[in-house]
Amino acid sequence: MPSFERASNRILIAGASSLLGAELKSLLEESRFAGWDLRLVDEELAAGTLTEAGGEPAVIQPVEEGSFEHARLVFFTGSPAFTKVNLGAARAGGATVIDLSGGSLGEKETRIWYPRAEVKLEKDLNYAVLSAPATVVVALLDSLSTVGRSRFGVIFFRPVSEAGRRGIEELESQTSQLLSMQGMGQAVFDTQVAFGMLDRYGAASRENISAIRERICAEVSPLVGKRGVLPSIQVVHAPVFYGYTFAALAETTSVTTREKLVEACQKAGFHVWENADGPLGNLSTGDSTMHLALPEGSPLQAWWSWGAVDNFKLPAENAVKLAEKLVA
């Protein structure tokens, strides 16, 4: 890898037009990186989008030859395919890569990272920050490792914001059109996503629920280790705009109590809701915290729980935490 000026204060967000990129930019501007040279790039279709950086108007640029030169940190927040195409150029430019897209998973020089990860940080590597669902799974595995488990499964309910602004607009327009008894557009999902749950989208859609599930498994698999076997994971569409919700079922190997499970979940990073906190849903998030309802048990030591997590704030905040450690 070519050497570069380690004192460089240039940060590049590649995939800056995405909702995740926008969230990351906002957090960077509120962190120790405020005042750094922030550059925004994206695919050709998004190039030219007017936004702001550091309180000043900014235009998202297309990726060109030399775009990654002199960058100290490069964050990938677009599609996995966009990351795969540009990962080599970012590495060749000398930057430390922090990938939030999943596009670098499986690469030899990629290390998976989350705040509790036991990873030696080296600047000449790629770091794949866990997605919100994968972070939840690993935290649940950590919780259950203290009480013992025989089986464990999670169902995630995917919001349309994972498909970007166009996904949000399509759910909004379908909802209005169906209530008005009008024909509906389905350019993004190739099926009706309003008022219903789905196991997959239409054949012509670029959104692929199976690929989302495969990514979560690819993120979690290398981290299972002493935590036991890989849990069963399912992802389904939910007609909501923001925030993953999830239902988890765990069977413990020995008798345990709700109090012990709650303590273990809190130590793993969950905010456990009490009944007095009211109902827990996708709109209960809005922060980077993993929220979990009180576990409900059965005589067979099977424990159910319901939870919610913001799909953008959690990975974006974790990415900023990693960046701060890398430049410390």
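The values are calculated or read from the model by the stated rules, or taken from the named source; none is laboratory data. The structure displayed is predicted, hence computed values, not measured ones. Heads up, the Cβs are rebuilt from the backbone with ideal geometry, glycines too, and the neighbour counts pull from every protein chain shown. Accessible surface areas use protein heavy atoms only, side chains included; no ligands, DNA or RNA. Shrake-Rupley method; radii C 1.70, N 1.55, O 1.52, S 1.80 Å.
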Test result for residue 219, touching a residue at least 40 places away in the same chain (Cβ under 8 Å) and either farther than 28 Å from residue 106 by Cα or of a type outside the set (A, V, I, L, M, F, W, C) (or both): yes
Some residue of segment 286-305 being out of contact with any Ser or Thr (no Cβ under 7 Å at 6 or more places or on another chain), modelled with pLDDT of 95 or more, in a loop (DSSP other than H, G, I, E, B) and over 23 Å from residue 144 (Cβ atoms): no
Matching residues in segment 287-302 - criterion: being within 23 Å of residue 237 (Cβ to Cβ) and in contact (Cβ under 8 Å) with a residue 24 or more places away in the chain: 290, 292
Subset of segment 133-164 [small (Gly, Ala, Ser) and modelled with pLDDT under 85]: 145, 148, 150
Check on residue 188, under 24 Å from the mean Cα position of the chain (by Cα), more than 30 Å from residue 279 (Cα to Cα) and surrounded by 14 or more Cβ atoms within 10 Å (Cβ to Cβ): yes
Complete set of residues in segment 74-106 that are of a type in the set (S, T, N, Q) and touching a residue at least 60 places away in the same chain (Cβ under 8 Å): 77, 79, 83, 86, 96, 101
Selection within segment 242-266 - assigned to a helix (DSSP H, G or I) and either over 21 Å from the mean Cα position of the chain (by Cα) or among the hydrophobic types (A, V, I, L, M, F, W, C) (or both): 258, 259, 260, 261, 262, 263, 264, 265
From 121, 130, 125, residue being at pLDDT below 95 and either within 30 Å of residue 196 (Cβ to Cβ) or touching a helix residue (DSSP H, G or I) at 6+ places or on another chain (Cβ under 9 Å) (or both): 121
Residues being surrounded by 17 or more Cβ atoms within 10 Å (Cβ to Cβ) and either over 29 Å from residue 175 (Cα atoms) or of a type in the set (Gly, Ala, Ser) (or both) - total across segment 200-215: 2
Verdict on residue 118 being farther than 22 Å from residue 43 by Cβ and free of Cβ contacts under 8 Å to residues at least 40 places away in the same chain: yes
Residue ranges of strands (runs of 3 or more DSSP E) in segment 9-70 with at least 3 members within 22 Å of the chain's Cα centre (by Cα), of a type in the set (Lys, Arg) and more than 25 Å from residue 318 (Cα to Cα): none
Residue identified as loosely packed, with under 13 Cβ neighbours inside 10 Å, over 30 Å from residue 104 (Cβ atoms), in contact (Cβ under 8 Å) with a residue 24 or more places away in the chain and not β-branched (Val, Ile, Thr) among 232, 305, 254: 254
Near pairs, Cβ below 6 angstrom, 6+ apart or cross-chain, from segment 314-325 (free of Cβ contacts under 8 Å to residues at least 60 places away in the same chain) to any residue that is crowded, with 21+ Cβ neighbours inside 10 Å: none
Total residues in segment 150-172, condition open to solvent by 40 Å² or more (accessible area, probe 1.4 Å) and over 18 Å from residue 215 (Cα atoms): 6
